[in-house]
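Quick notes on the structure that follows.
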Amino acid sequence: MIVFRILETKNKMKHKFSSLLLGFMCFSGTIVKSQDTTAKILKDTDHEKMVWFKEAKLGIFIHWGLYAVDGISESWSFYNEYLSHEDYLKQLSGFTAANFKPKEWAKLIKDSGAKYSVITSKHHDGFALWNTNYGHLNAVSHAAAKKDVLSPLIDALKEKELKVGIYFSLPDWSSDLYTHFTTSKRRYAIEQDPQRWQQYLNYMNGQLLELKNNYTPDLWWFDGDWEHPPEAWESTKIRTSLLKGAPNTIINSRLTGQGDYQTPEIGVPVYRPEAKYWELCMTLNDSWGYQQTDNNYKTSQQVIDIFVDCISKGGNLLLDIGPKADGSIDPIQKERLLELGSWIRKHHKAVYETEKGIPYEHFYGPTTLSKDKQTLFLFVRDIPKDGKIVVKGISNTIHRAYVVGNGSILSQNKIAKLYWNKYPGISYIDLPKETIDTYYTVVALVLDGPIELYSELNGVL
Ligand code: FHN
């Protein structure tokens, strides 16, 4: 039922924005790709500035806004006309942030193993978390909180040496200057009133400059670009202005055509994305913001499944939490982050400073490779029935096999290796029951040199 919520949102958008949805539901032959990996990113991205992002592996997404008060879907609930805009705004009086402890948030994020966090400075409903001089809807002047809740969080993240990402919705459905209001109501079309649109752009760019000057974020996370073409948003201008004096800032792919990395959403890429840089954003239950009725939480095993899937395919996971309106965080959400964090800490060698792994033909599970490609990490989810794991087609000598975070040296034997041909044989590695981890046991294979994968063509990785 809850999966329905997300699909429902997408379906509402679908008929109008089918080109965007192609990214979510793209049929090619018999293969269905369920994620937006097709969004265009820049070809000339500066690789130096992407290093921290590539190595981060985990970020925590925060959807915090008015919608947490009644526990309804962020912005979409009024856009889709489940309640009136007026009633949606009544939540302003419930957004107290009375128990908001930014340092505790930052500690939780750090303890999850994340290296960065992305916070919704303003969602499509136009509610700004900072003290903006633009617009008419912010946490300081209009909500019960009566304070800027963005600045202390960003300070706390920086104090914990976490990189800071700012989520910013290009559309603002509450602004009279904006074209779209609800699914059935458009205020105007840009061609009919270009001046009004220009006023909107001035307002939007004013806010972006405030955010840039106040916080110098490491990353901009745009959203909502599907409502207008890049020329209307003036995407190129936005990128130029945000990078002026801050050339190392990273921009996601939702500033159409101007992004440095791709942002598939919800659907874990089944096939390894071609993009060099990508990040899957994912909910913990089926909602981005806090919804007390949504208890369809992924288990810790499932969260770690998704995380391992992402890193083994060379991407990051941006895992979402939705704090309550008073600023407290649901215990289940905390627990999932901490459990993930303790698993990552134990296996940090196989996580950070690694690259995507090898094809599944060599090992029936996810893998990562150390940067020098001399250590292959095998992620073992289940308990092998004969206590052995199997690796095929690796031409290197395996100097040592050991359990990451545990240290046990593992014995191995090889079959089907003949002295007179190059076929490297099949390695069986013993994995004693005592070394099995609750979620994933990670086995490191230390090789005699950079990995060489055997194929009939004798190709190397
Ligand atoms: O409409 C939003 C949605 O509410 C949420 O913020 C997600 C997060 O990636 N982005 C949008 C849809 O793509």
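FYI, it's all coordinate maths here, none of it is from the lab. None of the values given here were measured: they were computed from a predicted structure. Cβ atoms come from the backbone with ideal geometry, glycine included; neighbour counts cover every protein chain shown.
The helix-only estimate of mean residue ellipticity at 222 nm for the chain, built from DSSP H runs of length n ≥ 4 each weighted as -39500 (n - 2.57), is -8000 deg cm²/dmol after division by the residue total. For Glu81, nonlocal amide neighbours, meaning residues 5 or more places apart or on other chains whose placed amide H falls under 5 Å from its own, are Thr183. Helix 102-111 axis versus longest C-alpha principal axis of the chain: approximately 20°, rounded to the nearest ten. Derived value for region 308-370: Kirkwood hydrodynamic radius 13.5 Å. Basis is the mean of 1/r over every pair of different alpha-carbon atoms.
The Rg/Rh ratio of the chain, with Rg taken over Cα atoms and Rh as the Kirkwood radius over Cα pairs, comes to 1.01. Residue by residue through region 219-224, which ³J(HN,Hα) values in whole Hz follow from phi under the Karplus form 6.51 cos²θ - 1.76 cosθ + 1.60 (θ = phi - 60°), with glycine and proline marked x? So the J values, rounded to whole Hz, are 8, 9, 10, 7, 8, x. Relative to the dominant Cα principal axis of the chain, helix 300-312 is inclined by about 80°. Per the Cα gyration tensor, region 316-430 maps to an equivalent ellipsoid with semi-axes of 37, 15, 12 Å, ordered largest to smallest.
The value of relative contact order for region 44-168, using C-alpha pairs under 8 Å at least six residues apart, is 28 percent. When only Cα pairs below 8 angstrom with a gap of at least 6 residues are kept, the chain shows a relative contact order of 16 percent. In terms of surrounding Cβ atoms within a 10 Å radius of their Cβ, Asp386, Asp70 rank from fewest to most as Asp386, Asp70.
From least to most packed, judged by other beta carbons within 10 angstrom and beginning with the fewest, Met50, Met282, Met204 follow the order Met50, Met282, Met204.
The spacing between region 55-123 and region 395-445, judged by their C-alpha centroids, is 45 Å.
Take the alpha carbon atoms of region 236-307, find their radius of gyration, then divide it by 2.2 N^0.38 Å using N residues; give the quotient.
Normalised Cα radius of gyration, region 236-307: 1.43.
With viscosity 1.306 mPa s and temperature 10 °C, the Kirkwood radius over alpha carbon pairs of region 29-169 converts through Stokes-Einstein to a diffusion coefficient of 93 µm²/s.
Pulled fully out, how much extra length does the chain show between Glu55 and Gln302, if you take 0.36 nm times their separation in residues and subtract their Cα-Cα distance?
Answer, rounded to one decimal: 86.7 nm.
Roughly what % of Cα-Cα distances in region 165-240 sit above 20 Å, to the whole percent? When every Cα pair of region 165-240 is considered, 29 percent fall beyond 20 Å. Helix 2-14 axis versus longest C-alpha principal axis of the chain: approximately 60°, rounded to the nearest ten. Candidates Phe377, Asn396, Ser408 compared by Cα position along the dipole of region 367-414: farthest toward the positive end lies Asn396, with charges placed on Cβ.
Counted over region 55-212, the DSSP beta bridges are approximately 20% antiparallel. Per residue, the convex hull spanned by the Cα atoms of region 277-347 measures out at 92 cubic angstrom.
Would you mind ranking Val51, Val446, Val380 so that the residue whose beta carbon has the fewest other beta carbons within 10 Å leads the list?
Val51, Val446, Val380
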